[in-house]
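Data first, discussion second: the structure below is written as structure tokens.
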Amino acid sequence: MTLTPEIRWIDTPEALDAACAEVAQAEVIALDTEFFREKTFHPVPALIQFSAGGLAWLVDPLAVECTESFRRLLGEGPLKLLHASSEDLEVLAHWAGVTVAPLVDTQVAQALLGEDAAMGYQRLVQHWTGETLPKDETRSDWLKRPLSDSQRLYAALDVVFLLEVWKHQREALERQGRREWLEADCRELLAQALRSDAADEQWFRRHRQLWRLSPRQIEAYRLLTTWREGEARRRNLPRGWLFSDRVLYGIAERMPENRYQLAEVEEVKPSQVKRDGDTLLALVKRAQQCEEAELPPAHPSPLGADYKRRMKALKRVVNERAETLGLAPEVLMRRRDLEAMIAADLAAEPLPLPQGWRGECLSVPLAQALDEVKAE
């Protein structure tokens, strides 16, 4: 393939619709985006790139709104290829108002082939094609206009090689019988991309120190992070600009009853107390008044002997199975999921065993490993 592809710039609805007509019958389309989000919650689209082979189209979202033809192209029809797609999916959903489907994430595909679970695009292209792509525009200002020739080339190369990469990946996945695994994982990616109130309410689970909090403090942290997610989206501010996880965790630890106590929490600024203090205190009060039966369960300490024995047994199962399959252990099962299984087992609750192809590989040996620990 050439490192100097033909590039077409799109800054009118008519040009975008014409490009959509040219690729409408393609089986596969490569997609990528450039965006800016340092000062906002929602990403600011700066460039949309796509290619069906040969040439690359660069769409200027600062000049043209998404058309109905492009929405149809994104939401149905050809298979769409993206690499490390989570933020790109957010950009396209925000700009076009649709979910990209059907989807293949080439980073996920590479992980299922037993390679680096987080392989970057340049390394991926070099691995499959032998070509070395330029990196000089990685941190470029993509909102600047006009874009330089170097920027346009860099952006075009982000999509034109994906088609060749996917051809090799697809053949390898089909040889190993893992094409259905990839399709299942990409469907899960799309499900995660659809943000909702339910997703906001689960943000608190990301914190690794919940085991240090009481159930009532955990409820306070849950309420605080749920509010913060909704407010950051509504105000279109980075969540850390509103309140970081660390600060909200500190508030949940202290459970302040008034503004003076709130101001004493580490890293809470006077301006934050003035702007949102009453709201934060009201959320803490809700947690204080919550009925015992409605509180979330306490999280087990990872320092306890029972916890450590279970983690060791589960990790052994995952590591052995991952080695057999030629996969990185974290591709097979995340530590967060192992922790959820241990918490359920210690609480004598049903185990949240993995589903789909991971469940076929792991559910039985994981359950057996926990039974063996309890029988010791």
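The values are calculated or read from the model by the stated rules, or taken from the named source; none is laboratory data. Since the structure is predicted, the reported quantities are computational estimates derived from the model, not experimental observations. Note that we place each Cβ from the backbone using ideal geometry, even for glycine, and neighbour counts take in every protein chain shown.
Does Asp116 satisfy being charged (D, E, K, R), surrounded by 21 or more Cβ atoms within 10 Å (Cβ to Cβ), within 30 Å of Ala328 (Cα to Cα) and under 20 Å from the mean Cα position of the chain (by Cα)?
Against the criterion (charged (D, E, K, R), surrounded by 21 or more Cβ atoms within 10 Å (Cβ to Cβ), within 30 Å of Ala328 (Cα to Cα) and under 20 Å from the mean Cα position of the chain (by Cα)), Asp116 does not qualify.
Among the residues of segment 29-71, write down those that are under 24 Å from the mean Cα position of the chain (by Cα) and charged (D, E, K, R).
Asp32, Glu34, Arg37, Glu38, Lys39, Arg71 - these are the residues of segment 29-71 that are under 24 Å from the mean Cα position of the chain (by Cα) and charged (D, E, K, R).
Across segment 270-284, what is the total count of residues that are free of Cβ contacts under 8 Å to residues at least 60 places away in the same chain and either within 30 Å of Leu346 (Cα to Cα) or in a loop (DSSP other than H, G, I, E, B) (or both)?
Restricting attention to segment 270-284, the residues satisfying the condition of being free of Cβ contacts under 8 Å to residues at least 60 places away in the same chain are 270-282.
Remaining after also requiring either within 30 Å of Leu346 (Cα to Cα) or in a loop (DSSP other than H, G, I, E, B) (or both): none.
Number satisfying all stated conditions: 0.
Could you look through segment 303-318, keep only residues that are of a type outside the set (A, V, I, L, M, F, W, C) and exposed (fewer than 14 other Cβ atoms within 10 Å of the Cβ), and pick out the one that is farthest from Gln355 (Cα to Cα)? Steps first, answer last, please.
The first filter runs over segment 303-318 and keeps only residues of a type outside the set (A, V, I, L, M, F, W, C), leaving 304, 306-310, 312, 315-316.
This time we only want the ones that are exposed (fewer than 14 other Cβ atoms within 10 Å of the Cβ), so: 304, 308, 312, 316.
On the way: Gly304: 28, Lys308: 24, Lys312: 21, Arg316: 19 Å.
In this case the residue turns out to be Gly304.
Here are some residues: Ala347, Ala287. Which one is of a type in the set (A, V, I, L, M), more than 24 Å from the chain's Cα centre (by Cα), surrounded by 14 or more Cβ atoms within 10 Å (Cβ to Cβ) and farther than 28 Å from Leu113 by Cβ?
Ala287
Output the number of residues of segment 359-376 satisfying the condition of being at pLDDT 95 or above and either within 25 Å of Trp211 (Cβ to Cβ) or of a type in the set (Ser, Thr, Tyr) (or both).
9
With the structure loaded, tell me whether Pro354 is under 22 Å from Pro215 (Cβ atoms) and in a loop (DSSP other than H, G, I, E, B) or whether it fails that test.
The answer is no for Pro354.
Tell me the strands (runs of 3 or more DSSP E) entirely within segment 1-87 that contain at least 3 residues that are in the same structural domain as Leu153 (by TED's automatic domain parsing), small (Gly, Ala, Ser) and at pLDDT 95 or above.
Answer list for segment 1-87: 44-53.
Go through Gln151, Gln169 for me and flag whichever is more than 17 Å from the chain's Cα centre (by Cα), within 23 Å of Glu323 (Cα to Cα) and of a type in the set (S, T, N, Q).
After applying the criteria, what remains is Gln169.
Can you pull out the residues in segment 54-89 that are small (Gly, Ala, Ser) and out of contact with any strand residue (DSSP E or B) (no Cβ under 8 Å at 6 or more places or on another chain)?
Ala63, Ser69, Gly75, Gly77, Ser86, listed by residue number.
Name the residues in segment 350-371 that are small (Gly, Ala, Ser) and surrounded by 14 or more Cβ atoms within 10 Å (Cβ to Cβ), would you? Talk me through it step by step, then tell me what you get.
Going residue by residue through segment 350-371, those that are small (Gly, Ala, Ser) are 356, 359, 363, 367, 369.
Listed by number, the residues that qualify are Ser363, Ala367, Ala369.
In segment 248-257, is there at least one residue being part of a helix (DSSP H, G or I), within 30 Å of Ser85 (Cα to Cα) and touching a His at 6+ places or on another chain (Cβ under 8 Å)?
Checked against the condition, which is being part of a helix (DSSP H, G or I), within 30 Å of Ser85 (Cα to Cα) and touching a His at 6+ places or on another chain (Cβ under 8 Å), segment 248-257 yields at least one hit.
Arg208 fails exactly one of the following numbered conditions: (1) free of Cβ contacts under 8 Å to residues at least 12 places away in the same chain; (2) out of contact with any helix residue (DSSP H, G or I) (no Cβ under 7 Å at 6 or more places or on another chain); (3) not in a loop (DSSP other than H, G, I, E, B). What is the number of that condition?
Against the list (1) free of Cβ contacts under 8 Å to residues at least 12 places away in the same chain; (2) out of contact with any helix residue (DSSP H, G or I) (no Cβ under 7 Å at 6 or more places or on another chain); (3) not in a loop (DSSP other than H, G, I, E, B), Arg208 comes up short only on (3).
Given the criterion surrounded by fewer than 18 Cβ atoms within 10 Å (Cβ to Cβ) and either among the charged types (D, E, K, R) or part of a helix (DSSP H, G or I) (or both), identify the matching residue among Glu219, Glu267, Glu229. Even if it seems obvious, please write down each step before you answer.
On the way: Glu219 fails: surrounded by fewer than 18 Cβ atoms within 10 Å (Cβ to Cβ); Glu229 fails: surrounded by fewer than 18 Cβ atoms within 10 Å (Cβ to Cβ).
Exactly one residue qualifies, and that residue is Glu267.
Pairs, please: C-beta under 8 Å, at least 6 apart or cross-chain, first residue aromatic (Phe, Trp, Tyr) and in segment 103-127, second not in a helix (DSSP H, G or I)?
Between residues of segment 103-127 that are aromatic (Phe, Trp, Tyr) and residues that are not in a helix (DSSP H, G or I), the close pairs are Tyr121/His83; Tyr121/Ala84; Tyr121/Leu133.
Scanning for something of a type in the set (D, E, K, R), under 21 Å from Leu163 (Cα atoms) and in contact (Cβ under 8 Å) with a residue 40 or more places away in the chain, does segment 58-67 turn up at least one residue?
Let us first name the residues in segment 58-67 that are of a type in the set (D, E, K, R), namely 60, 65.
Right, trim to under 21 Å from Leu163 (Cα atoms) and you get none.
Scanning segment 58-67, I find no residue that is of a type in the set (D, E, K, R), under 21 Å from Leu163 (Cα atoms) and in contact (Cβ under 8 Å) with a residue 40 or more places away in the chain, so the answer is no.
If you scan segment 142-178, which residues turn out to be farther than 30 Å from Cys361 by Cα, touching a residue at least 12 places away in the same chain (Cβ under 8 Å) and surrounded by fewer than 16 Cβ atoms within 10 Å (Cβ to Cβ)?
Leu143, Arg145, Ser150
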